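Structure record follows, encoded as structure tokens.
Since every read-out is calculated from the coordinates, none of them should be taken as a lab result. Since this is a predicted model, take the numbers as computed values, not measurements. All Cβ positions, even for glycine, are placed from backbone atoms using ideal geometry, and neighbour counts span all protein chains on display.
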Amino acid sequence: MLDLGFVRNNLELVEEKLRARGADPAALLGDFRALDQSRREAITRSEQVNAQINKNSQEIGRLIQLEKQVGISPEKVSLLTEISDIKNETLLLKLEDVSYKKTASAKAEQMIQLLASIPNLTRDEVPIGRSEADNVTVKLWGKIPSFDFLPKPHWELGEALGILDLERAAKLSGARFAVYMGAGARLERALVSFMLDLHTEKHGYTEVLPPFMVNSKSLFGTGQLPKFAEDLFRCSDADAEAVARGEFKENDHWLIPTAEVPVTNLYRDEILDEARLPICLTAYTPCFRAEAGAAGKDTRGIIRQHQFQKVEMVKFTRPEDSDAEHEKLTRNAEEILEALGLPYRRVLLCTGDTGFSSAKTFDLEVWLPGQQLYREISSCSNFESFQARRANIRYRAAGAKGKPEFVHTLNGSGLAVGRTWLAIVENYQQADGSVVIPEALRPYMGGLERITKSEVQ
């Protein structure tokens, strides 16, 4: 969420940044200045009324003391009348104050909903563009493999080897689910362990195993709610109408779309010590996405699933460190691909393709020879203070006496496990239909060097 004072003082810049994203500033901001002014006026009038009430209370006290000092006289009658008049005025002022407070509260709620609907402002170095076609490749790594045969896509290889069963998955759960069998299932498990070990033992992350269900406040904190509710799986105790109004309960539940949500919200409403920063966490979780906005896309294979596994990296940093930590986090994801020998490219997303909460995102795209294209396998984003303000995650600088500041949050896939699985299957396929296991994974596969046709069918 953007800071209200920043939007007020930089409204033209905010409008410009929204247009760069391809958004309509008028639709998102509405009559921001009028709303802000009416809210501030109501607060000011309430403060003025309270000041008068306090002044009246002091005057009543003075008059009561004076009244006690005089005997029965016209002066006493006059004092009692004046006290009664001031008390009546005070009663009216209190009723007026209630009205101003209700107005200010209603306007504040409208302002919160307005600010919650505005995406983060992209950094100046993010290229202007409308779609992924305008993203900029900033790095290429690895040699694209050449084959003396026509390489197959992973769904054909997996079915032929008996390690991927999409037909039975559809029988169990419907479209966009997968069953992994035999060495295919072990490969998925091996990738999770390999990624977690590299991130914890080499890169210094702390492993976290969070809940796979979260409440609405957690999804609001990272920016999924209320805007992207249709892309999530909501449990029956979550009130859709209340969510649309921005009213979140503590005891409702959603399946997580990514470990970013529970891990980032670990520190919601907390003040961290500066000495603890950066905090670097990694987590394996299944992820669940309704993919309401992706109907008809990537229907073949396991590119876009309702349930998939992912290893996530999340960082909490000081604002001045977030750029450097963003680069480190992106490199940590790249090292997984390099260790597995998978060709990839790093892409700087344009304004129109950058996610709602992100100020700057690098996508890592792995080469898939069976489809002859690069596909996203990791998004590494710097959210700056956007998520921290929504989730109220702050830190106190060492020796500082002022207000605590908001941390910067970052996250990236390290990596999407299913897409890594299919990238290995396609890049390491052999003419006889078998798949060679990358050397880095063989210790996690019990020494298995090659996947051949499974006896499990």
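Under the convention that each Lys and Arg Cβ holds +1 and each Asp and Glu Cβ holds -1, the size of the dipole of the range 343-425 around its Cα centre is about 460 debye. The spacing between the range 25-72 and the range 304-333, judged by their C-alpha centroids, is 48 Å. Backbone amide hydrogens, once placed in the peptide plane, bring residue 130 within less than 5 Å of 352, excluding anything fewer than 5 places away on its chain.
Under 19 Å of direct C-alpha separation, and excluding same-chain neighbours fewer than eight residues apart, residue 403 reaches these aspartates and glutamates: 3, 269, 270, 273, 274, 320, 384.
Evaluated with a Cβ-only charge set (Lys, Arg +1; Asp, Glu -1), the chain carries a dipole of roughly 380 debye about its Cα centre, given to the nearest 20. Oblate is the label for the range 174-306, because a/c, from the alpha-carbon gyration tensor with a ≥ b ≥ c as root eigenvalues, is 1.5 or above and a/b does not exceed b/c.
Taking θ as phi - 60° and the Karplus parameters 6.51, -1.76 and 1.60, the scalar couplings of the range 227-237 work out to 5, 10, 4, 5, 8, 10, 9, 9, 6, 5, 8 Hz in sequence order, x denoting glycine and proline. Remark: relative contact order (the chain) = 20 percent; criterion is Cα-Cα distance under 8 angstrom and separation of 6 or more residues.
Listed values for the range 442-449 are Karplus-derived 3J(HN,Hα) couplings in whole Hz (6.51 cos²θ - 1.76 cosθ + 1.60, θ = phi - 60°), namely 4, x, 7, 10, x, x, 4, 9, and x replaces Gly and Pro.
Listed by chain and number, the lysines placed with their C-alpha closer than 21 angstrom to that of residue 249 are 217, 227; residues fewer than eight positions away on the same chain are left out.
Ellipsoid fit via the Cα gyration tensor, the range 109-168: semi-axes of 42, 24, 9 Å, each the root of five times an eigenvalue, largest first. Summary of packing: across the peptides 86-98, 416-428, the per-residue average of other C-beta atoms within 10 Å ranks them, highest first, as 416-428, 86-98.
Annotation: amide H-H contacts under 5 Å for residue 290 (H modelled 1.01 Å from N, sequence separation of 5 or more, or interchain): 232, 233. Here the chain has an Rg and Dmax of 29.3, 117 Å, counting Cα atoms alone. Considering the dipole of the chain built from charges on the beta carbon (Lys and Arg +1, Asp and Glu -1) around the Cα centre, which of 157, 216, 74 is farthest to its positive end? Sorting the options by dipole projection puts first 74. If a/c stays under 1.5 just call it rounded; otherwise compare a/b with b/c (prolate if a/b is bigger, oblate if not). Do that for the range 24-156, with a ≥ b ≥ c from the square roots of the Cα gyration tensor eigenvalues. Judged from the Cα gyration tensor, the range 24-156 comes out prolate (a/c at least 1.5, a/b above b/c).
Computed 3J(HN,Hα) for the range 274-285, one whole-Hz value per residue from the Karplus formula 6.51 cos²θ - 1.76 cosθ + 1.60 where θ = phi - 60°, is 4, 4, 7, 8, x, 9, 10, 10, 9, 8, 9, 8, glycine and proline marked x. Sorting 371-384, 136-149, 37-50 by average packing, meaning the other beta carbons within 10 Å per residue, from highest down gives 371-384, 37-50, 136-149. Amide H contacts under 5 Å for residue 164: 159, 181, restricted to partners 5 or more places along the chain or on a different chain, H placed in the peptide plane at 1.01 Å from N.
Each listed q (0.12, 0.17, 0.27 Å⁻¹) maps to a log10 I(q)/I(0) for the range 1-83, found by the Debye formula over equal Cα scatterers with no solvent: -0.57, -0.79, -1.20. For the range 357-457, compute Rh as the Kirkwood radius over C-alpha pairs and then the Stokes-Einstein diffusion coefficient at 4 °C and 1.567 mPa s; write the answer in µm²/s, rounded to an integer. D = 75 µm²/s.
Remark: the range 246-308 carries a charge dipole of roughly 500 debye about the Cα centre, counting +1 on each Lys and Arg Cβ and -1 on each Asp and Glu Cβ.
Indicate the gyration tensor shape class of the range 42-119 (rounded, prolate or oblate), computed on the Cα atoms with a ≥ b ≥ c the square roots of the eigenvalues: a/c under 1.5 is rounded; otherwise a/b larger than b/c is prolate and the rest oblate. Prolate. Take each peptide in 339-346, 235-242, count the other Cβ atoms within 10 Å of every residue, and average; sorted highest first, the result is 339-346, 235-242.
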